[in-house]
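Below is one structure, written out as structure tokens; comments come after it.
Just so it is clear, none of the values below were taken in a lab; they were calculated from the coordinates. Keep in mind the model is a prediction, meaning the values are calculated, not measured. For neighbour counting, all protein chains shown are included, and Cβ atoms are generated from backbone atoms with ideal geometry for every residue, glycine included.
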Amino acid sequence: MKPRALGAARPRRDPASRTPLQLTLHVRAVQALSIAALLLAWEGVARAGWVDPLFVPAPSAVARAFGRIGRAAFAGLGDTLLKTAIAYVLAVVIGVGGGILLGSVRGLRQATNPFVVALYGMPKILVLPWIVLFFGFGATPAVVYATIHGVFPILVLVTGAVRDVDRNLLTVARAFGARRWQLYWKVVLPAIVPTVLAAMRLGIVFCLLGVLVVEMFAGVRGMGYVLSSLANGFQAPELFAATALVSAASIVIVLSLDALNDRLSQWRGES
Amino acid sequence: MKIVAIRAAILVVLLGAWEIVGRTANPLLYVPPSAALPALGHLLVLESYPDLGQHLWLTLREILVAYALAIAAGLACGFALGFNRLVGRAYGPILAALYAVPAVVWYPSLMLFFGLDAASKIAFGFLLGFFPITLAVLAGIRQVSPQLLVVARAFGADRLTAFRKVTLPAMLFTLVGGLRTGLALTVVGVIVGEVLGSRSGMGSLINHAYGLFRTADYIALVVVTLVLIVGSDAIAGVIEHRAQRWTE
């Protein structure tokens, strides 16, 4: 299919002449065919010896390697996901709590704003060596670093959402005699739910990333450690298999959060 | 005015607390500002790391190459996906799913493939910068009003003119924002790559100082790297501001 330079201008040409179901099937077919073609081409290139199998193993070799590392990889993945879960809960609790606090208290927000922005923008990798120095090896530095990694996007988004809650709603609620806790429970919380969910969706990737980075930098267990030791041992098929496993796991986690998000927003009656 | 004073007070209190803790606690872990500043001085006069300039220059070059590649590939992919509905609908979700993978999982494979030198850092910086640029192009194209394009075509604009006069200005704001995010992530990618395994570059110096428990030097190196990062983002910010004014 030839790319059309002005496809956006004429959205109702060929795709719309098909029914939505046909279009979806068509898209799925293209996706499946492309992935199959990619894997086949990769297999062919590897078999033909155009690439060094030491660095780029064929998909079939990767699949076999998966059987070899399966048990260790799943153990590592479990370890990583456990640390991620702890860090994620901490990041969400601190981020949402701090966001509600900073969002409601204007003076506090203005006073701390430059510090929060600076910490949010600063690449956390620079403090990683210090955190490892401080907490040693093991699960603690991973949880701490991942929490720091995940908390700032959540904090910044929730702060903004609380700050932008419709003033009129608050005024009306107060006029009708709402108490402070009712104001938060009945007005602020429902208003910020979409942002909190979006922030949680963002935070999980940050937390997982943080755990993996620490495990690669100074790990003795977990998927990051598995990946970096496979790379150091030049075990390319096993490395590719392990990479595919973590990628699949994180895609599944994020897509299920997305699905949950959709459910919740349908339930709230937003489209 | 008052708020600035409060912010300054918070900063002073933080530095003061750091100084007090740093003086009393384990000097391997805590370096008070009064010790970190001289270390920064030694670093800047090239006493503690005489080849600082080379490492800084290497990191800077890695960032520039990775960013140039990320812009080229990101724009190409973004426009290919954005202007072709079938391609966009087929590959857009795949791209979004890949974006949900914490990028660092690719790094060991890149290190295996490209080795410990600059190439693996460039590849990782490229990978991190590529996604936000591509996604910004896609989002930008979706923002362009179809009516404007129809009108432009009706008045006889050819495709190139319509693209230049309608599509590009309408999406520029989003595009430039994506380019700025892309730069920030490219910088992070290069530095993460260097910290996780390298023989030269700022990340390797940071690792070296950390490995030898030279905590004061480590802090000084972090400060220098931060200046590099903040500087690059400031330049990107100025460009973003210019583009913003141009579209208004």
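Results, tabulated for the structure shown:
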{"item": "Choice from A:PHE115, A:PHE137, A:PHE240 with maximal GNM fluctuation in chain A (Cα, 10 Å cutoff)", "result": "A:PHE115"}
{"item": "Relative contact order (percent, whole number), segment B:40-142, Cα cutoff 8 Å, 6+ residue spacing", "result": "41 percent"}
{"item": "Whole-Å semi-axes of the ellipsoid equivalent to chain A (Cα gyration tensor, √5λ, descending)", "result": "41, 31, 15"}
{"item": "Taking segment B:69-214 and dividing mean pair separation by its residue count, relative contact order in percent (alpha carbons under 8 Å, at least six apart)", "result": "29 percent"}
{"item": "With at most 14 other Cβ atoms within 10 Å, longest stretch of chain A clear of loop trypsin sites (Lys or Arg not before Pro) (DSSP)", "result": "A:19-178"}
{"item": "Per-q log10 I(q)/I(0), segment B:29-138, q = 0.11 Å⁻¹ (Debye; single scatterer per alpha-carbon; no solvent)", "result": "-0.54"}
{"item": "Two-site label geometry, A:ALA37 and B:LEU116: point separation in nm, points 7 Å out along Cα→Cβ", "result": "4.1 nm"}
{"item": "Per-residue average of Cβ from other chains inside 10 Å of B:60-72", "result": "0"}
{"item": "Sequence-distant lysines (8 or more away, or on other chains) whose Cα lies within less than 22 Å of A:LYS83", "result": "A:LYS124"}
{"item": "Point-charge dipole on Cβ atoms (K/R +1, D/E -1) for segment A:190-271, about Cα centre, debye to 20", "result": "140 debye"}
{"item": "Dipole axis of the protein assembly as shown (+1 Lys, Arg; -1 Asp, Glu on Cβ), positive-most option in B:ALA139, A:PHE115, A:THR171", "result": "A:THR171"}
{"item": "Residue list for segment A:80-116, given a label point 7 angstrom along the Cα-to-Cβ vector of A:SER256 and an amide N cut-off under 16 Å", "result": "A:80-86, A:88-89"}
{"item": "Centroid-to-centroid separation of segment A:139-190 and segment B:12-28 [C-alpha atoms, Å]", "result": "33 Å"}
{"item": "Nearby aspartates and glutamates by direct alpha-carbon distance to B:LYS121 (threshold 18 angstrom, same-chain neighbours under 8 apart not counted)", "result": "B:GLU62, B:GLU194"}
{"item": "Over chain A, relative contact order from alpha-carbon pairs under 8 Å, at least 6 apart, %", "result": "26 percent"}
{"item": "At R0 = 30 Å, FRET efficiency that the Cβ-Cβ distance of B:LEU172 and A:ALA118 yields, to 0.05", "result": "0.60"}
{"item": "Extension reserve of the B:ALA72-B:ILE20 stretch, reckoned as 0.36 nm per residue once the Cα distance is removed", "result": "13.7 nm"}
{"item": "Degrees, to the nearest 10: B:118-143 long Cα axis against longest axis of chain B", "result": "40 degrees"}
{"item": "Contour excess over end-to-end distance, with Cα ends at B:GLN54 and B:VAL223 and 0.36 nm allotted per residue", "result": "59.1 nm"}
{"item": "Rounded to 10°, Cα long-axis angle of helix B:168-196 versus longest principal axis of chain B", "result": "30 degrees"}
{"item": "Nearest 10 degrees, 0 to 90: helix B:202-211 Cα axis against chain B principal axis", "result": "30 degrees"}
{"item": "Charge dipole of the protein assembly as shown about the Cα centre (unit charges at C-beta), most positive-ward option of B:LEU14, A:GLY219, A:PHE55", "result": "B:LEU14"}
{"item": "Nearest-20 debye value, the protein assembly as shown charge dipole, Cβ charges on Lys, Arg, Asp, Glu", "result": "1920 debye"}
{"item": "Under the span-like rule (Cα at least 18 Å along the axis, Kyte-Doolittle mean at least 0.0), DSSP H helices of chain A", "result": "A:20-47, A:59-104, A:106-121, A:139-163, A:189-218, A:236-267"}
